Amino acid sequence: MNGNYPKKLGTVLLASTLLLSAGCSSSGSNSENTEKVNSSEDTSPVTLTFFGADASPSWNKMQDDVGKEITANTGVTLSAEFDVGSGGGQDKISLMAASGEYPDLIYAKGELGKLVDAEAIIDLTDLIDKYAPNIKKIMSENTNRMRYSNDDQAIYAIPTNVGVDQQFFDADSGFQVQHRVLKELGYPQIKTVQDFENVLKEYTVKHPTTDGQPTLPLTLNADDWKIMITVTNQAAATTGGANDGEYYVDPDTYEAILHYKRPEEKEYFRWLNHMYNEGLLDKDAFVQQDDQYKAKIASGRVLGLTSVEWEYQDGENALKAAGKDDYTYAHFPVTMGEQYKDHAMQSIGVDGYGISITTACKDPVRAIKFIDWLSSEEGQVLRNWGVEGKQYQVENGKRVIPDDILKQKVNDAANFTMQSGIGLYSIFGVRYGDGVKDSTDNYYTTNFPEQIVASYSDAEKETLAAYKAKTWKDLFPGEDEFPVKEWGALYNMQVPTDGDYQVIYQKTQDIVRKRIPEAILAKTAEFDTIYDEFIEELNKAGAEKMEKQYTDLVKARTSLFTGKSIK
């Protein structure tokens, strides 16, 4: 899975030809046709087809509480298909671009560029201006951040996977340690990888088995692109990197390099090599599949992780459902040394993946109005809180989640999501982020300090109290310690899909996925040789040329977002 996925600078001739032969109109003709569509409010029954590049295992065909309310208010039913597994929609969207057959709506993530090149996506600029007052209001100060590029100022996707004016009240990343481990060891300091290692080692010596199985101090998920999440991204995060995918961007010069080239990151991989040779890293970490990794977590025998909560949440949810809250995980901002800061709380501003309307959509006005209703105050409250009287109540003017509902939401997350629909519709509309209040003086989302604390298990509360914190965020460097990232979320930046960029990128990815595990699993004396050969191999594959292209794109994007002239 590409870390930055982008726009081809040319046009896919075959896909365009197929588009025409399939009878799909171009984005230009669709824009012209919007004037002819009845613009009055229409809630008559209609079905819109949709494809999402993320898996959605709890999707219930809109028969959940939230889905039924959406249909009742808009008349829209979604005939939805979601990517299976963790492929990010690459294969499916490639087939769409080649065949010219598209759904009405699509959440394409990093594959948007393929569809733009195939002229399959409508420019939403005029539709938003004429028919989407809620989207227009929410995104008013961030219009430039919706533009596709400096050269193509169209709006092809409305960012829906990030919240506008987002505040951070909690943390879900860093390094993770089980609560039972921390409690037995007296809640030790965990700030550096050495601290983390000491804790895992000490507990494993005391408890070599867990519930009859070998205790695993640390495991990783290197299945396909997940290697980025639990292995390679952490090299940057622990050394002051700002989470820019496969690159490190100098904040002063905007120069970009593959982050593996930073000498300090080599030391992180040396530490993982040390952990392996000490027997503290799961020997099967680089051969296990995603489901095997999650099953190990669900067994309760994995003491530590280097991940993000969404990545291992299925395994942790199984522990919660089994009543094993003390086997779940605390979050720590672990670094290679106290001279570094974890940048998890750094704001990217408004930028991210979003929803698009394709040229296959026969009624783009109805589609944009559907998205706009979901972006309204009523729509956002419904998507975030659920249905009043079922998932929440209003007491003295404040929305509250009853204890029995909260317990179900936390301890039986999969079934709760499938029945309620909360969390299933976030990508279908623009939204305000955590910490923003609506016209009733209530928070739009359920992620605010009081509700976050209420959702914590007793084990979490006990751990946090021991570290003199109320939420996990309290352990991390604060948002005010970093500037807002001028270039936004680079995973959402369009890069060339033609020419040699993609060829070089794929070559470097293949090298990373071969050489990083090789270096980690090597004998201690062989590590330096393997790692140095790895860097040489990246350069031979054309990394320096690719980095120059990427630097130019970062500068152009920063200029687009900020209005600054950058050379």
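Hey, does segment 352-375 have a residue that's farther than 28 Å from Lys324 by Cβ, among the small types (Gly, Ala, Ser) and touching a helix residue (DSSP H, G or I) at 6+ places or on another chain (Cβ under 6 Å)? Checked against the condition, which is being farther than 28 Å from Lys324 by Cβ, among the small types (Gly, Ala, Ser) and touching a helix residue (DSSP H, G or I) at 6+ places or on another chain (Cβ under 6 Å), segment 352-375 yields at least one hit. Going by what's in this entry, would Lys485 be described as out of contact with any Cys (no Cβ under 8 Å at 6 or more places or on another chain), among the charged types (D, E, K, R) and over 23 Å from Lys109 (Cβ atoms)? For Lys485, the condition - out of contact with any Cys (no Cβ under 8 Å at 6 or more places or on another chain), among the charged types (D, E, K, R) and over 23 Å from Lys109 (Cβ atoms) - is not met. Mind checking which residues of segment 527-541 are out of contact with any Phe, Trp or Tyr (no Cβ under 9 Å at 6 or more places or on another chain) and either within 13 Å of Phe269 (Cα to Cα) or hydroxyl-bearing (Ser, Thr, Tyr) (or both)? Listed by number, the residues that qualify are Asp528, Thr529, Ile530, Asp532.
Of the numbered criteria (1) in contact (Cβ under 8 Å) with a residue 12 or more places away in the chain; (2) surrounded by fewer than 20 Cβ atoms within 10 Å (Cβ to Cβ); (3) under 22 Å from Gly163 (Cβ atoms), the one Asp363 fails is (3). Only one of Ala459, Ala465, Ala519 is among the hydrophobic types (A, V, I, L, M, F, W, C), without any contact (Cβ under 8 Å) to a residue 40 or more places away in the chain and part of a helix (DSSP H, G or I). Can you tell me which? None of the others qualify; the one that does is Ala465. On inspection, Ala108 fails the criterion of being more than 26 Å from Ile422 (Cα to Cα), of a type in the set (Gly, Ala, Ser), buried (at least 22 other Cβ atoms within 10 Å of the Cβ) and touching a strand residue (DSSP E or B) at 6+ places or on another chain (Cβ under 8 Å). Here Gln189 fulfils each of the conditions (1) farther than 15 Å from Gly279 by Cα; (2) touching a residue at least 12 places away in the same chain (Cβ under 8 Å) apart from (2).
Is it the case, given these coordinates, that Leu127 is under 18 Å from Thr49 (Cα atoms), surrounded by 20 or more Cβ atoms within 10 Å (Cβ to Cβ) and at pLDDT 95 or above? Judged against the criteria, Leu127 is not a match.
Beta carbons closer than 6 Å, at least 6 apart along the sequence or on distinct chains, pair a first residue in segment 87-107 that is in the same structural domain as Phe50 (by TED's automatic domain parsing) with a second that is assigned to a strand (DSSP E or B) and surrounded by fewer than 17 Cβ atoms within 10 Å (Cβ to Cβ) for Pro103/Thr49; Asp104/Thr49. Given the conditions (1) over 30 Å from Pro251 (Cα atoms); (2) outside any loop (DSSP other than H, G, I, E, B); (3) not hydrophobic (A, V, I, L, M, F, W, C), and given that Lys470 satisfies all but one, which numbered condition is not satisfied? It is condition (2) that Lys470 fails. In summary, Leu20 fulfils each of the numbered conditions (1) at pLDDT 90 or above; (2) of a type in the set (A, V, I, L, M); (3) not in a loop (DSSP other than H, G, I, E, B) with the single exception of condition (1). Condition check for Glu41 on (1) part of a loop (DSSP other than H, G, I, E, B); (2) charged (D, E, K, R); (3) without any contact (Cβ under 8 Å) to a residue 12 or more places away in the chain: one failure, at (3).
The values are calculated or read from the model by the stated rules, or taken from the named source; none is laboratory data. Not measured: the values here are computed from a predicted model. As a convention, Cβ positions derive from the backbone with ideal geometry for all residues, glycine included, and neighbour counts pool all protein chains shown.
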